[in-house]
Amino acid sequence: MTQVRWGLIGASTIAKEWMIGAMRDAGGSVVSVMSSDAARAKDYAVANGIAKHTSDLQALVSDPDIDAVYISTTNELHRDQHLAAAKAGKHVLCEKPLALSLDDARAMVALCHERGVVMGTNHHLRNAATHRAMREAIKASKIGKPLFARVFHAVFLPPHLQGWRIKNPSAGAGVIMDITVHDADTLRFVLDDEPTHVSAMVQKAGMGEGGIEDGVMGVMRFKSGLLAQFHDAFTTRYAGTGFEVHGSEGSLIARDCMTQQPKGEVILRNADGEQSLRLNHENLYARSLRLFHDAVAGKGQPSATGEDGVKSMAAALAAMEAAASGKEIAVAA
Ligand code: NDP
């Protein structure tokens, strides 16, 4: 395992709940944390066993004890923090959505290429055993030509996350930038295809404040002609999650898979009947970190690259524009 030394930009929930453990499980160490608030940085460092803390971005990105930074601040901050880290020669794993505009996200990718540092986007769902098994089954022609997909990703935003996501438009709030961007990435990965057009309608059921959408349904058209339906929400407690691909010769039906947990099941249904695919569940974030560490060591790529982050974000932005305009929108990337 590669000993990557991490600096955290953002004293966030996702880092605390998943990423710090995953970095350590994948053989890395967490050296320092940066928060905009010095006292929060210190408390967070103590609570999570991190030796150093700072409220100074430059101090963190220029720390010679750090090889890579993980950015998990609110979305409007990703770009500048990312550019500062790449300029300082650090490898960067950035949370989704990479930025608030495609031009910004592209600039982040370009700078990492220019500086020769590894860039990943934290689209964890590519690492799920369910989605990897579906991708393999499709590649092995188990369902013939994929014609339709359905993504069920309507969940309930837990009270401790009911902050900027539902209140702050300038932070990139709303269900599309939070969840649809993951759907787009998972569809791209499972289908090995690219979305070209999106139609969508949003719902504002009252959790989102000031006109921020808290539910969305829509359709993406892919290069192959496949149509993918997506349903995302912050407001439904009991819907359950799922991902289905229906082809000319069979269907793949996954349940309980659009989640942070290593769980879920996939059924293959075709002329031979039904069978459950064999799955080797593994912590999604730890797998993502393992591949990132390998990439830092010059072996392979992160599970979702910077380019993946740009393309998946382009589909989410198209969904936003489609909902706002009532038109079918071409995906820009
Ligand atoms: P949080 O709200 O927990 O953290 C975001 C920022 O809010 C932190 O960087 C911190 O700023 C500030 N903050 C956090 N808690 C407090 C507090 N108690 N008081 C004051 N400020 C606080 O966000 P998430 O962890 O949910 O999301 C962060 C990023 O990660 C987003 O980009 C999101 O889209 C992404 N994400 C990705 C997931 C994935 O599975 N890929 C899952 C969840 C989120 P500071 O650092 O300055 O203190």
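The values are calculated or read from the model by the stated rules, or taken from the named source; none is laboratory data. Bear in mind the structure is a predicted one, so any value in this text is a computation, not a measurement. So basically every Cβ, Gly included, is an ideal-geometry build from the backbone, and we count neighbours across all protein chains shown.
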So residue 79 clears everything in (1) of a type in the set (Lys, Arg); (2) more than 27 Å from residue 331 (Cα to Cα); (3) within 16 Å of the ligand (Cβ to nearest atom); (4) crowded, with 19+ Cβ neighbours inside 10 Å except one condition, right? Which one? (2)
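Is it the case that some residue within region 87-101 is modelled with pLDDT of 95 or more, among the polar types (S, T, N, Q), away from the ligand (no atom under 11 Å from the Cβ) and closer than 17 Å to residue 289 by Cβ? So that I can check it myself, show each step before the final result.
Applying the first criterion (modelled with pLDDT of 95 or more) to region 87-101 yields 87-101.
Filter again for among the polar types (S, T, N, Q), leaving 101.
Checking the rest, the ones that are also away from the ligand (no atom under 11 Å from the Cβ) come to 101.
Still in the running and closer than 17 Å to residue 289 by Cβ: none.
The answer is no; no qualifying residue exists.
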In this structure, does residue 174 turn out to be at pLDDT below 95 and either more than 18 Å from residue 130 (Cα to Cα) or surrounded by fewer than 19 Cβ atoms within 10 Å (Cβ to Cβ) (or both)? no
Selection count where residues are surrounded by fewer than 22 Cβ atoms within 10 Å (Cβ to Cβ), more than 10 Å from the ligand (Cβ to nearest atom), assigned to a helix (DSSP H, G or I) and at pLDDT 95 or above, scope region 148-169: 2
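Restrict the check to region 31-52 and report whether at least one residue is within 23 Å of residue 184 (Cβ to Cβ) and near the ligand (Cβ under 10 Å from one of its atoms). Reasoning before the result, please.
If we filter region 31-52 for residues that are within 23 Å of residue 184 (Cβ to Cβ), which is where we start, we get none.
No, region 31-52 contains no residue that is within 23 Å of residue 184 (Cβ to Cβ) and near the ligand (Cβ under 10 Å from one of its atoms).
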Does region 253-270 include one or more residues that are within 16 Å of the ligand (Cβ to nearest atom), hydroxyl-bearing (Ser, Thr, Tyr) and buried (at least 18 other Cβ atoms within 10 Å of the Cβ)? no
List pairs: first in region 69-84 and closer than 11 Å to residue 98 by Cβ and in the same structural domain as residue 24 (by TED's automatic domain parsing), second away from the ligand (no atom under 12 Å from the Cβ) and not aromatic (Phe, Trp, Tyr), Cβ under 7 Å, 6+ apart or cross-chain? 71/92; 79/104; 79/108; 82/92; 82/108
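State yes or no: is residue 240 out of contact with any Asp or Glu (no Cβ under 9 Å at 6 or more places or on another chain), in a loop (DSSP other than H, G, I, E, B) and on the phi > 0 side of the Ramachandran plot?
Details: out of contact with any Asp or Glu (no Cβ under 9 Å at 6 or more places or on another chain): no; in a loop (DSSP other than H, G, I, E, B): yes; on the phi > 0 side of the Ramachandran plot: yes.
When the stated conditions are applied, residue 240 does not pass them.
Being part of a loop (DSSP other than H, G, I, E, B) and polar (S, T, N, Q) is the filter; apply it to region 91-141 and report the residue that is farthest from the chain's Cα centre (by Cα). Don't jump to the end; show me each part of the working.
Initial filter on region 91-141 (part of a loop (DSSP other than H, G, I, E, B)): 95-101, 116-118, 122-123, 128, 140-141.
Applying the additional criterion that residues be polar (S, T, N, Q) yields 101, 122, 141.
Values: 101: 16, 122: 5, 141: 27 Å.
So, considering only residues that are part of a loop (DSSP other than H, G, I, E, B) and polar (S, T, N, Q), the one farthest from the chain's Cα centre (by Cα) is 141.
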